[in-house]
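Notes follow the structure.
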Amino acid sequence: MHDADDRPAMLTATLPFGGVTLIEYQARLLIAAGASQIVILVARLTPELLGAIARIGKRGVAVDTVRTAIEAAEKLHPLARILMLADGLTTTSDTLGVLAREGGDALLVMPEEQAGPGYERVGGGMVWAGAARIEARRLGELAAMPRDYDVQSTLVRLASQARGVHVLLPQEAIRGSHGVGHSGTALEARGRTVMAAMVSGRSGWFERFITAPLARIVIPLLVPKTVPVVAVAGGAGTVGLIGLVLLGFDYPVAGLLLTLVATVGLSLAAILADLRDESASERGLHRAAAVLPGLAALLYGHIATRDALEGTPQVLALGLVLLGVLGERALGAAPRRMWWGSAPAYLLVVWLGAVVAAPSVGLGLATSYAGATLAAAIERLRRQA
């Protein structure tokens, strides 16, 4: 492992990235690709690295540290399929998925003219892009060589000499968060890109322009302090409960605003759970972030109907919840268009109606918005059928 270029005495692997350390993020990618064992080649063990390794081990994968190719060969099964990541690599699960398949040696490559300094040339005008699938016997070949060889570079050369397949890095990955380097400043910039993609990759405008920017600010502050997910979720839930109580006491502007803030808080807690691979908590928090706006809308509709002595607000609230649920089911996990709605987006429209003391207008606009989103989702499903 290399020291960071701009952080003296700090390893690149322990630099912050996407709310965790870089090596934890890389481990997350490997686990998502199906890895059952992670072997880390180290020159020295620092307290930050030991802490990161301990946290990786809690994700249910075996973690070993080695100093030489001989030790690495001893740790791995002779028939293992190895996915090797360069020190300082940042990438995405989709990019690694191309290599995480059955097959022999394969190198992820990119054109030399599009690469910065520090990339290793592999011939044909290409450089190694920081990820490779290698056969376990390459470690045995390296172990038989003199120990002064650089393990990473030599494995790349051995795989290349064995006529390993060159897999071209997609252009969108080059323009995005993929890169190899040892600068803390560059990693921070790529980390912000990754964090935004995690939040807004399959979501609409509310998540992209409100939740994502907040996540980029809040999540990196929570992770180093090991703030538990349950604490964030509990705080958001408490704010949401206060908002519902205020709605019940006929304070709609403050009540709806607090429930909207609580919904964003639950979404941030879900992102934190995702980073820590707490999948059960993540699913529950996403459901809570969808249910809370519905409860607020129904309660607001009931209070507005009681005050106005006519049932339009209650009917609109019921229609909003019904259309919103049907829309979420129709959309599923597929990518969304920017304008399509979501539970917090509908709640924001309802709140704006409360601000101008027009509950039927706010609920009506939100219901129409949910209906338009559902119609667009159904149309997409029809075209895909």
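Roughly how many Å² of TYR300 are accessible to a 1.4 Å probe, to the nearest 10?
Its accessible surface works out to 10 Å², give or take rounding.
Could you work out which residue, out of ALA308, ALA131, ALA330, moves most in a Gaussian network model of the chain, that is, has the largest mean-square fluctuation with Cα springs under 10 Å?
Comparing ALA308, ALA131, ALA330 in the GNM, the peak value goes to ALA308.
Contact order normalised by length for region 83-216, with contacts defined as Cα pairs under 8 Å and 6 or more residues apart; what percent is it? Please report the intermediate quantities before stating the final value.
Details: 169 pairs, mean separation 40.2, N = 134.
Relative contact order comes out at 30 percent.
Which shape class, rounded, prolate or oblate, goes with the chain when its Cα gyration tensor gives a ≥ b ≥ c as root eigenvalues, a/c under 1.5 marks rounded, and past that a/b bigger than b/c marks prolate?
Values: a/c = 2.97, a/b = 2.26, b/c = 1.32.
Prolate shape, in that a/c is at least 1.5 and a/b is the bigger ratio.
Explain nothing, just the number: relative contact order of region 196-320, from Cα pairs under 8 Å at least 6 residues apart, as a whole percent. Could the numbers behind the result be given before it?
Details: 133 pairs, mean separation 25.3, N = 125.
After rounding, I find 20 percent.
Within region 306-322, what residues put their amide N at less than 14 Å from the label point 7 Å along the Cα-to-Cβ vector of ASP250?
It comes to 306-310, nothing else.
Beyond 27 Å, what percent of the Cα pairs of region 75-217 remain? Before the final figure, lay out the partial values.
Working: 3027 of 10153 pairs.
I get 30 percent for the Cα pairs in region 75-217 exceeding 27 Å.
Any chance you could run the full-extension gain for LEU50 through LEU326? It's 0.36 nm times the residue separation minus the Cα-Cα distance, nm to one decimal. Each step should come with its number before you reach the end.
Working: separation 276, 0.36 × 276 = 99.36 nm, distance 4.70 nm.
Length difference between fully extended and current span is 94.7 nm.
How big is the dipole moment of the chain about its Cα centre under a simple scheme where the beta carbon of each Lys and Arg is +1, that of each Asp and Glu is -1, and everything else is neutral? Debye, nearest 20, please.
Here the size comes out at about 580 debye.
Can you check what the net charge comes to around HIS2, using other residues whose Cβ is under 13 Å from the Cβ of HIS2 (Lys, Arg +1; Asp, Glu -1)?
Values: positive: ARG7, ARG44; negative: ASP3, ASP5, ASP6, ASP87, ASP150.
Around HIS2, the surrounding residues sum to -3.
Relative contact order, percent, of the chain when contacts are C-alpha pairs under 8 Å separated by at least 6 residues?
Numbers: 586 pairs, mean separation 53.2, N = 385.
Over the chain, the number comes to 14 percent.
Can you give the FRET efficiency to the nearest 0.05 for ALA33 and LEU352, using r as the Cβ-Cβ distance and R₀ = 51 Å?
Numbers: r = 44 Å, r/R0 = 0.86.
The value I calculate is 0.70.
Quick check: at a probe of 1.4 Å, how many percent of the accessible area of the chain sits on carbon and sulfur atoms?
Values: 11300 of 18420 Å².
The C+S portion of the solvent-accessible surface of the chain is 61 percent.
Can you give the accessible area per residue of the chain, in Å², using a 1.4 Å probe?
On the way: 18420 Å² over 385 residues.
Heavy-atom accessible area per residue stands at 48 Å².
Helix-only mean residue ellipticity at 222 nm, the chain, DSSP H runs n ≥ 4 weighted -39,500 (n - 2.57), per residue, nearest 500. What is it? Walk me through the numbers on the way to the answer.
On the way: 15 runs with 218 residues, N = 385.
After summing the helix terms and dividing by the residues of the chain, the value is -18500 deg cm²/dmol.
The values are calculated or read from the model by the stated rules, or taken from the named source; none is laboratory data. Worth saying up front: this structure is predicted, and the values here are computed from it rather than measured. As a convention, Cβ positions derive from the backbone with ideal geometry for all residues, glycine included, and neighbour counts pool all protein chains shown. To get the accessible areas, we keep the full protein, side chains included, count just its heavy atoms, and leave off ligands, DNA and RNA. Shrake-Rupley method; radii C 1.70, N 1.55, O 1.52, S 1.80 Å.
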